[in-house]
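First up is the structure itself, then whatever we jot down about it.
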Amino acid sequence: MAAPALKQPPFLCPQIPTNCQSLMIPREMQSLEREKRARSTIDQLECECRGSLFLECNTSLALSSLTIVFSRLKSIVLMVKLTIALGVLAMPQVLLEVGAVPGVIIIVVISALTTWSGRVIGAFKANHPEVYSLDGVGYVLAGNWGREFFSFAYALFMICLCGSGFITTSLAFNAITDHAACTVVWAVVAAAVTFAFASLQTLNKVSILGWIGFFSILSAILIITVAVGVEDRPEAAPSTGPWDKDIHAFNSEASFLSGMGAVSTTVFAYCGTPAFFNVIGEMRQPKRFNQALFASQGLCTALYITIGVVVYYYCGQYISNPALGSAGIIIKKVSYGIALPGLFVGCILYTHVGAKMLFVRLLRGSDHLTGTSFIHWSVWLGTVGMSVAIAFILAESIPFFGDFVSLVGATLGTFLCLITPALMWLNDNWALCKERTSIGFRSRIALSVFTLLAGVFIVITGTWSAVLSIKDSYADGSVGSAFSCADNSN
């Protein structure tokens, strides 16, 4: 009997080596026409398990290999690794902006919404086994136009993440060296190192990089969390005499826009959910994905709340953003020194993933995609260089870590983590509205519509908040101008 027709992106791999076969849909479900279209595109480059066929298999933390089949425990660890990145450094600032109670509520609500988004990704993957990343989602939702749009959005998101890494890396160098050089110089150093290593096309084989980055950032923030509890006072507090932490359960002085900035920052901290497509594809038992999802989201939420509450309680109004500068000067240097490898790794991997996606888009259908021609290497190095250059310009144009994180979370983070999953659910279930009238199904419709509208609301208000905050930061002299040499570690 003929296999059912599937709406598939026209870039599935028709022939794959044995060690990749577990990731693909049954061969009988691929038509000869789809095979012919695929042969000249990504099959050779990506099915060798060295590129990114699914373009998120190398996600923000570069999964180790497409050949691995994950157990539930490994999936949990991997999903935690994909979620926790630079966003954790801003969690104490969220509580400072709105108060301890609203801050914890924001973390829990965003955690719940992104957990629902993760469940939608699992269901969407089951309904569309041919989809392995956001470009495939775009094709299902809106055809070729959707594929290109989602590819561009995800690549830009990766570049923005790299930009936030450049800001934090320059800040780390300033803290460690007592501002021994112009801040722009440190950003150039970060950009140069990123370009050198992100240009390696076999970067995804160096799986240890992802783990180094994860444990580097996590160790640094845990050191700060412990240190603020044993230090006499935060670095920013008066050096002698009494000092007031000025902590609040509810910050009555918080404005609506500052609250939306806190929401956007929290979304940024949970924006690893689009990468879960690959986790599902590599699980030994994909049906257990929801269990792994709940466990990983629970661990991340517990960590965010613990770090945020502890640092806010002990530092109060003297919290630094990023939080690594909240303790004394020695701890500040130590924590940034430990975090520095993770910051570099993040910049490298974010750039590599974004550049790889653009590279495949530019050379699809060309023999240069899989060859070693001058055009192949020119386009590859050009996309890496362009990605680094854009990230550098963004970082120097918006040299405020908190505002940059809030802006990225409000725009691309919210779109990819909340709006897109809502559209995915509605795409698969809207036609069933007349047939299924149960309260449970109606409530899921309501949740999807709510998430969609909430996402649009966060994009508008969060972006507005971030833009005004950036304007105010320039006006009050926090940074003299774009591309400023001023010390950003104080």
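Here is how the numbers come out for the structure above:
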{"read-out": "Scan of segment 301-320 for residues that are of a type in the set (S, T, N, Q) and either under 29 Å from Ile76 (Cβ atoms) or not in a loop (DSSP other than H, G, I, E, B) (or both), ordered by number", "value": "Thr301, Thr306, Gln317"}
{"read-out": "Residue in segment 465-481 that is within 21 Å of Tyr154 (Cα to Cα), out of contact with any Pro (no Cβ under 7 Å at 6 or more places or on another chain) and touching a residue at least 24 places away in the same chain (Cβ under 8 Å) present", "value": "yes"}
{"read-out": "Residue match in segment 235-253 (condition: outside any loop (DSSP other than H, G, I, E, B) and either touching a residue at least 24 places away in the same chain (Cβ under 8 Å) or surrounded by 15 or more Cβ atoms within 10 Å (Cβ to Cβ) (or both))", "value": "no"}
{"read-out": "Count of residues meeting criterion [buried (at least 24 other Cβ atoms within 10 Å of the Cβ) and of a type in the set (Asp, Glu)] in segment 118-172", "value": "1"}
{"read-out": "Residue in segment 279-287 that is surrounded by 14 or more Cβ atoms within 10 Å (Cβ to Cβ), of a type in the set (Lys, Arg) and either out of contact with any strand residue (DSSP E or B) (no Cβ under 8 Å at 6 or more places or on another chain) or closer than 30 Å to Thr383 by Cβ (or both) present", "value": "no"}
{"read-out": "Some residue of segment 353-363 being farther than 30 Å from Trp145 by Cβ and assigned to a helix (DSSP H, G or I)", "value": "no"}
{"read-out": "Residue within segment 372-393 that is over 23 Å from the mean Cα position of the chain (by Cα), over 30 Å from Leu113 (Cβ atoms) and not in a helix (DSSP H, G or I) present", "value": "yes"}
{"read-out": "From the options Asp487, Asp428, residue that is in a helix (DSSP H, G or I) and either among the acidic types (Asp, Glu) or surrounded by fewer than 13 Cβ atoms within 10 Å (Cβ to Cβ) (or both)", "value": "Asp428"}
{"read-out": "Search result, residues across segment 214-251 that are modelled with pLDDT under 85 and charged (D, E, K, R)", "value": "Glu231, Asp232, Arg233, Glu235"}
{"read-out": "Flag if Thr351 is farther than 19 Å from Ala220 by Cα, in contact (Cβ under 8 Å) with a residue 24 or more places away in the chain, surrounded by fewer than 24 Cβ atoms within 10 Å (Cβ to Cβ) and among the polar types (S, T, N, Q)", "value": "no"}
{"read-out": "When residues of segment 298-346 are limited to those that are surrounded by 22 or more Cβ atoms within 10 Å (Cβ to Cβ) and hydroxyl-bearing (Ser, Thr, Tyr), the one farthest from the chain's Cα centre (by Cα)", "value": "Tyr314"}
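Results for (1) surrounded by fewer than 23 Cβ atoms within 10 Å (Cβ to Cβ); (2) in contact with a Leu (Cβ under 8 Å, 6 or more places away or on another chain); (3) within 22 Å of Ile419 (Cα to Cα), shown as yes or no for each residue.
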{"residue": "Ser75", "(1), (2), (3)": "no, no, no"}
{"residue": "Leu82", "(1), (2), (3)": "no, yes, yes"}
{"residue": "Ala85", "(1), (2), (3)": "no, yes, yes"}
{"residue": "Met91", "(1), (2), (3)": "no, no, no"}
{"residue": "Leu95", "(1), (2), (3)": "no, no, no"}
{"residue": "Pro102", "(1), (2), (3)": "yes, no, no"}
{"residue": "Ile105", "(1), (2), (3)": "yes, no, yes"}
{"residue": "Val108", "(1), (2), (3)": "yes, no, yes"}
{"residue": "Trp116", "(1), (2), (3)": "yes, yes, yes"}
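The values are calculated or read from the model by the stated rules, or taken from the named source; none is laboratory data. Nothing here was measured: the structure is a model prediction, and the numbers come from that model. Positions of Cβ are backbone-derived with ideal geometry, glycine not excepted, and every protein chain shown enters the neighbour counts.
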